[in-house]
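Data first, discussion second: the structure below is written as structure tokens.
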Amino acid sequence: MSKLLIKGGKTLNGSVRVQGAKNSVLPILAATVLCDDISTIHGCPQLRDVSAAVKILECLGCRVKREGDTLTVDAKCVSAADLPDSLMRRMRSSITFLGAITARCGRAKMCSPGGCEIGIRPIDLHIKALRELGIRVYETGGYTETEADRIKGADIHLDFPSVGATENIMLASCLGDGKTTIWNAAKEPEISDLQDFLCKMGAKIKGAGSDVIVIDGVKKLHGAEHRVIPDRIVAATYLCTGAMCGGEINLTNICSTHIKSVISVLKDTGMIIKEEKDGITLKSNGRILPIDILRTMPYPGFPTDAQAPFAALLSLAEGTSVIVENIFENRFKYCGELCRMGADIKVSGRAAVIRGVKRFYGACVTAMDLRGGAALVAAGAAAHGETQIDGVNLIERGYESIEDDLAKLGADIKKD
């Protein structure tokens with residue numbers, strides 16, 4: 001198994017380009033199934049989750065070709081509707097294929113999806129919504145099966161603004177009969193990106209970015225060309241790393257409006273932030289101020305996916321900070337590994353009390369999940385001594401080349 005080796009303590013300076021957004025690529029790849037045509041998607045990072053999505057498309061009968069960061073999907077020959085367990089268990093976002101496959105094939109079968117073990121992530125909102133669209137859903141023996149003679153428009157109110165459920169409804173209903181309205185929809189930028197792609201395919205959808213999305217069903221969609229938005233969580237991770245290591249870093253290919261909550265917190269910690277047309281510059285003098293309470297919330301609130309890198313940052317603050325996790329109940333597993341590096345973190349339920357320390361120390365640690373692993377990388381870059389990180393495969397689910405990107409900024413990091 002690969003390891004990351006980091007000799008910490010280097011000041012970071014320079015510029016790096018942010019990859020395309022993992023959480024946009026995956027539902028957009030699912031959307032390519034909806035048409036009997038060819039679609040071209042630019043900005044697709046080479047990630048384990050993207051590779052898993054490509055294998056799902058190929059399992060369905062699609063032909064997929066990669067050239068650089070561009071994926072071309074030929075969905076003319078979709079013939080299968082059953083997904084093997086081995087693919088479904090590799091990533092949580094595979095559930096988004098449920099709505100798309102059902103809309104294209106009239107049926108689907110898959111087991112419960114996998115991904116990082118960060119807490120209970122039930123698909124009950126997905127199931128309830130699909131049933132409201134007239135889709136018959138059967139859950140037996142760990143499998144979910146769907147059947148639909150015709151998908152019918154409906155008024156759907158989500159109990160929680162779930163990103164995945166919002167995407168599944170959009171994908172399932174854009175080829176349905178009549179109008180579908182999603183109330184309390186997720187507002188994430190990735191939802192807007194999916195809407196943009198579907199509209200390029202000929203769908204009639206409006207409202208993404210607000211809590212009400214309206215979909216007018218159409219009879220047929222066609223292929224389209226699209227570039228996915230930049231990855232705001234990768235940007236947040238690199239900004240935290242720069243803040244911890246000191247110096248001045250510039251990120252290109254990032255929309256600052258997508259991470260306003262992250263920028264606000266970074267400014268509160270004493271960082272100097274300059275927002276540019278297509279980038280962000282962060283300047284740090286190495287001094288980090290604490291945050292009284294940082295709460296994760298659905299977008300446009302502070303993202304749960306950025307919580308772990310910020311815990312690493314606040315571990316070096318001049319005082320005590322508190323993080324309250326409101327999305328997933330088991331997202332502090334990485335804290336024990338940070339404590340091995342010298343952090344002082346006490347976790348109680350959904351809250352973590354972080355007492356700032358003067359420095360991290362290199363240690364042998366293990367990534368427990370995707371974002372927690374990224375926090376360990378950030379901590380290792382700032383630590384005194386050498387850090388070895390196991391479980392790199394989890395980090396590679398969401399970061400195309402974190403070692404190369406940080407090396408460009410001056411970090412001493414390599415994969416072994």
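Where a number appears in this text, it was derived from the coordinates with a stated rule and is not lab data. Given the structure is predicted, the values throughout are model-derived calculations rather than measurements. No Cβ is skipped: glycine too gets one built from the backbone with ideal geometry, and neighbour counts run over all protein chains shown.
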**Asked** Which Cα, out of 57, 208, 186, lies furthest along the positive dipole direction of segment 22-227 (beta carbon charges, K/R +1, D/E -1)?
**Response** 57
**Request:** Mind telling me which of 284, 348, 192 comes out most flexible in a GNM of the chain, alpha-carbon contacts under 10 Å?
**Result:** 348
**Item:** Lys, Arg +1 and Asp, Glu -1 on Cβ, resulting dipole of the chain about Cα centre, debye, nearest 20
**Value:** 240 debye
**Item:** Distant-in-sequence amide H partners of residue 36 (H built 1.01 Å from N, under 5 Å)
**Value:** 221
**Sequence-distant lysines (8 or more away, or on other chains) whose Cα lies within less than 30 Å of residue 219** = 22, 55, 65, 76, 109, 128, 152, 179, 187, 200, 204, 206
**Prompt:** When the Debye formula is applied to the Cα atoms of segment 22-227, each taken as the same point scatterer, what base-10 log of I(q)/I(0) results at q = 0.14 Å⁻¹?
**Reply:** -0.72
**Request:** For segment 342-348, just list the computed ³J(HN,Hα) in residue order, Karplus coefficients 6.51, -1.76 and 1.60, θ = phi - 60°, integers in Hz, with x standing in for Gly and Pro.
**Result:** x, 5, 10, 10, 10, 9, 9
**Complete:** In order over segment 20-25: 3J(HN,Hα) from phi, Karplus 6.51/-1.76/1.60, θ = phi - 60°, whole Hz, x for each Gly or Pro, gives x, 6, 3, 6, 9, 4
**Asked** What ranking, highest mean first, results for peptides 407-414, 214-221, 337-344 when packing means the other Cβ atoms within 10 Å averaged over each residue?
**Response** 337-344, 407-414, 214-221
**Asked** With N residues in segment 192-275, what two-decimal value do you get for its Cα radius of gyration over 2.2 N^0.38 Å?
**Response** 1.48
**Request:** Return the lysines within reach of residue 346: Cα separation strictly under 30 angstrom, same-chain partners fewer than 8 residues apart disregarded; answer none if there are no such residues.
**Result:** 3, 7, 10, 260, 267, 283, 333, 358
**Fill in**
Taking placed amide H atoms and a strict 5 Å upper bound, the residues 5 or more places from residue 391 or on another chain that come that close are 367
**Request:** Starting at the first residue of segment 65-74, write each ³J(HN,Hα) from the Karplus equation 6.51 cos²θ - 1.76 cosθ + 1.60 with θ = phi - 60°, in whole Hz, x for Gly and Pro.
**Result:** 10, 10, 9, x, 9, 10, 10, 10, 10, 9
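Report, please, the projected area of the chain averaged over directions, based on the convex hull of its C-alpha atoms, in nm². Could the numbers behind the result be given before it?
Details: hull surface 71.2 nm².
Over every viewing direction, the Cα hull of the chain projects on average to 17.8 nm².
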**Request:** List the residues whose amide H sits under 5 Å from the amide H of residue 289, counting only those 5 or more places along or on another chain, with H placed 1.01 Å from N in the peptide plane.
**Result:** 270, 318
**Prompt:** Can you give me the pair-distance distribution of segment 149-230, C-alpha pairs, 10 Å bins, whole percents?
**Reply:** 20, 55, 24, 1
